[in-house]
1. Could you tell me whether region C:8-15 includes any residue that is assigned to a loop (DSSP other than H, G, I, E, B) and in contact (Cβ under 8 Å) with a residue 60 or more places away in the chain?
2. Looking at (1) small (Gly, Ala, Ser); (2) within 11 Å of chain B (Cβ to nearest Cβ); (3) closer than 30 Å to residue A:230 by Cβ; (4) free of Cβ contacts under 8 Å to residues at least 60 places away in the same chain, find the lone condition where residue A:66 falls short.
3. Against the condition assigned to a helix (DSSP H, G or I) and on the phi < 0 side of the Ramachandran plot, how does residue C:96 come out, does it pass?
4. Look through B:9, B:59 and report the one residue that is in contact with a Ser or Thr (Cβ under 6 Å, 6 or more places away or on another chain), closer than 23 Å to residue A:120 by Cβ and of a type in the set (Ser, Thr, Tyr).
5. Which one is nearest to residue C:89 (Cα to Cα) among residues in region A:167-191 that are surrounded by 18 or more Cβ atoms within 10 Å (Cβ to Cβ) and touching a Phe, Trp or Tyr at 6+ places or on another chain (Cβ under 8 Å)?
6. So which helices (runs of 4 or more DSSP H) are wholly in region C:99-202 and hold at least 2 residues that are surrounded by fewer than 17 Cβ atoms within 10 Å (Cβ to Cβ)?
7. Step by step: first the residues of region B:93-103, then only those that are assigned to a helix (DSSP H, G or I) and facing chain A (nearest Cβ under 9 Å), then the one that is nearest to residue A:26 (Cα to Cα). Which residue is that?
8. What number goes with the only condition from (1) within 12 Å of chain B (Cβ to nearest Cβ); (2) in a loop (DSSP other than H, G, I, E, B); (3) without any contact (Cβ under 8 Å) to a residue 24 or more places away in the chain; (4) of a type outside the set (Asp, Glu) that residue A:219 does not pass?
Amino acid sequence: MRTVDEFDLLAAADSPLHAIDPRAKLLVVLLAAAVIASYPRHAVAAMVPLFLLPAAWLALGRVPLGFVLHRLLPALPFVLLMAIFNPLIDRVPLIEAGGLALSGGWISFASILLRFLLGMSIAILLVACTGFNTLCSALLRLHAPRVFVVQLLLLYRYIFLLADEARRVRLAYALRSGGDRAVALPVAGSMLGQLLLRVMSRGQRIHQAMLGRGFTGDLPVRHAFRWHGRDTLFLLGWAVWIILARAVNIPDQLGRFVMKVLA
Amino acid sequence: MHMADALLSPAVGGGMWVAAAALSARASVKLRSQPSESLAPMMAVLGAFVFAAQMINFSIPGTGSSGHIGGGLLLAILLGPHAAFLALASVLTIQALFFADGGLLALGCNMINLGVFPCYIAYPLIYRPLAGDGSSPSRRLATCIIASMAGMAMGAFAVVAETGLSGISELPVGAFILLMVPIHLAIGLVEGGVTAAVIGFVSRAQPEWLVYNQAKTQPRGRPFRRIAACLLGAALLTGGLLSSFASENPDGLEWSIEKMTGKKEIDGIGHPIHATLAGWQSKTSFMPDYDFRKDDAASKDDVRESAANPGTSLAGVLGTALTLLLAGGIGLFLRLRSRKHP
Amino acid sequence: MSHHVVEVDCLDYRYPDGTPALHEIHFTIRHGEAVAIIGANGAGKSTLLRHLTGILVPASGSVHIGDYPVLPSTLRQVRRTVGMVFQDADDQLFMPTVYEDVAFGPANQGLPPPDVEKRVADALATVGCGHLRDRPPYRLSGGEKRAVAIATVLAMMPDILVMDEPTAGLDARARRHCIGLLKAFAHTRIVATHDLDLALDVCERVIVLHEGRVEADGAAQAIFSNTALLERCHLEPPLRMQGCPCCSGKPGAA
């Protein structure tokens, strides 16, 4: 769970972005995700202005660029694998420049890649600057179902423990199986079964601990944040930028303007 | 098998989000009304278990590769459909936020693909009617495998449908199905086996723990052979549809892609949605100085669709829809029957 | 006054698979006593403790906490009186931060927020973990977790404190701190432990369990001097009552 640990450490830091109400940040991210997906298949340049979002948040939130790139890396192969079909299938040249022909497939390939980079980096920054527990509280204030939010909190709390246990079990296996990382199938059933039994035992004990302290079915979720003027500004400002970037192809307009000036 | 934001259109993503949100809300309400407050900690640790279990890779015999358990069916058996769905939804949320598994827009899709199919379809409509009272290990194994494979297949079809409807990826539906479904059936086979082994373990060691599943009114085991035959028939029918479709490309995936590259066959479904989306934005130049006009998707595809047969892609969708209908239909049929003859 | 007297009467218990666990357990603990429950692994210490907060229900016999018999209908009152600290601290720390974990109990008792705040501050101060307020539980060391787990129970201000292996796995300083805590607690203490030196430090009375039965119940000094009894129950005297290895053979003084 080193990943989650790193996120936690970043989230515990202090920065202008950390101070913004989590609801504002969450809403901006959701809007951005929806708008990014709404671009047509071959949009590339039109999406570029949206990179202002992760760039600004990276700076404001004092998140290291390396961290974000590192988090993007594991998901990249799958996206590439899916995206590569586009240039393979669509070979009609769409742009001709200086003797080089670029097919529609390659343009849409680039588009998919950009969507991935944009969308994922924004989500990563959200978590890095907000902290999971705070995010859950924000969800509750935004009227997400309570049972679900409580489940998120408890799950998060216990992932670390169980990941450690899984790691130890895996290591124990490797030490006695001559270094195989992958468990043999018949053993897997018993290994997972034992882990499951231990997990369910723990679940019962946790429940007993809760009962011992007066649990009656509802876990209190702390949400001590307050909406300020700067949060409204934050939300509106980014919303305007996102919608503007979608409505107007900014690089194109910029290019035309520059050409006009130069001409 | 996670769906990715990068391949999703807001219409599909948003639609699935609404569906997933509605189901989450419904499951939450159902759980609140159940007096079992021990469920919350159990759901949490079992969700964490799914996480942990996915870290334990087992080698798949005969293929030289390794895989891990998905956990949907297992959770449904242990917790019942609603609690399992919420537990899976929370696991997927954390995966999306921390591990870039899919993304935020695709979260709704993933909850449906990886949560709804095992918890609300494979478990209640396939596993429960067939599993009987749990006394026969071989029956449990067979049932787990069938349910798991069905859940995986449905999930795979759903990914194909979601990608196809979004229109960002240009992978034709047919090729995508050929790519996804066989792999996922194989994964389902292995997962079903492991799930059965784990459940068997728990039922021998601590049988009283199988009571967290509130929906414990097990119907008496239905005649296994008759039902298995029905499902087999459904599978054959679907297979027949697929093969008649795939017979256009008898030599496998590479051949089919080449052929389609030559034909420039485009998924015919994307058209209406893209026309709408493209209508948002006025037709502008893609880049200054270059002689290029970015047409909207519809006209561009018309140009390239010279040899494409719309009927082929339509058959792909038909196959998908039919499988879902068949699986659901059989399950419903079984459930109605079990109500009449308790 | 029968308040806060723990009365266990002819308690019998079997595990779900039928194995007998406890047999004819009988003892009475008065208000303010500090009692250690000792025994070999599997003797039934944890099982017995779980009967005191109603986690387990006896097959026959009864448990009374003050005026209340421990029954499903009286669990709420019982659990206000008896605070139990588990063996595994992770099972008790389930909230996102230390503050919320310690506040959980008082909040459920219906206290208004300012009072909850005060209880939390006091409890954390008692265990010396005030600086860990906003820390998530998975960020705590073993000793810190144990201390915070104790705080979660102290915040409810129970009249009877029950602890299962409080010093297991602690380093010397954390252990000493725990012992100090127990000595300072004003009310009844019931501690199941392998750490016989802790028992000697904190408790004036010892109950010895062997294979689910009460083998002995008396003053700590007397029991720990009875080597035959201890051996029969697969135990040894506390370390500082055993012969000093340097002085080779000189009988160790308490």
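1. Here is the first cut: in region C:8-15, the ones assigned to a loop (DSSP other than H, G, I, E, B) are C:15.
Add one more test, that the residue is in contact (Cβ under 8 Å) with a residue 60 or more places away in the chain, and what stays is none.
Checking region C:8-15: not a single residue is assigned to a loop (DSSP other than H, G, I, E, B) and in contact (Cβ under 8 Å) with a residue 60 or more places away in the chain.
2. So residue A:66 meets the others, but not (2).
3. Numbers: assigned to a helix (DSSP H, G or I): no; on the phi < 0 side of the Ramachandran plot: yes.
The answer is no for residue C:96.
4. On the way: B:59 fails: closer than 23 Å to residue A:120 by Cβ.
Of B:9, B:59, the one residue that is in contact with a Ser or Thr (Cβ under 6 Å, 6 or more places away or on another chain), closer than 23 Å to residue A:120 by Cβ and of a type in the set (Ser, Thr, Tyr) is B:9.
5. Keep residues of region A:167-191 that are surrounded by 18 or more Cβ atoms within 10 Å (Cβ to Cβ), which gives A:169-170, A:173, A:182-183, A:188-189, A:191.
After this cut, where a residue has to be touching a Phe, Trp or Tyr at 6+ places or on another chain (Cβ under 8 Å) as well, the list is A:182-183, A:188-189, A:191.
On the way: A:182: 32, A:183: 31, A:188: 29, A:189: 29, A:191: 25 Å.
Looking at the filtered set, the residue picked out is A:191.
6. Correct list: C:113-127, C:172-184.
7. To start, the set of residues in region B:93-103 that are assigned to a helix (DSSP H, G or I) comprises B:93-99.
Now drop any that are not facing chain A (nearest Cβ under 9 Å), which leaves B:93-94, B:96-99.
Details: B:93: 14, B:94: 15, B:96: 14, B:97: 12, B:98: 15, B:99: 17 Å.
That would be B:97.
8. (3)
The values are calculated or read from the model by the stated rules, or taken from the named source; none is laboratory data. Here the structure is a predicted model, which means the values were calculated and not measured. Reconstructed Cβ throughout: ideal geometry from the backbone, glycine too, with neighbour counts over all protein chains shown.
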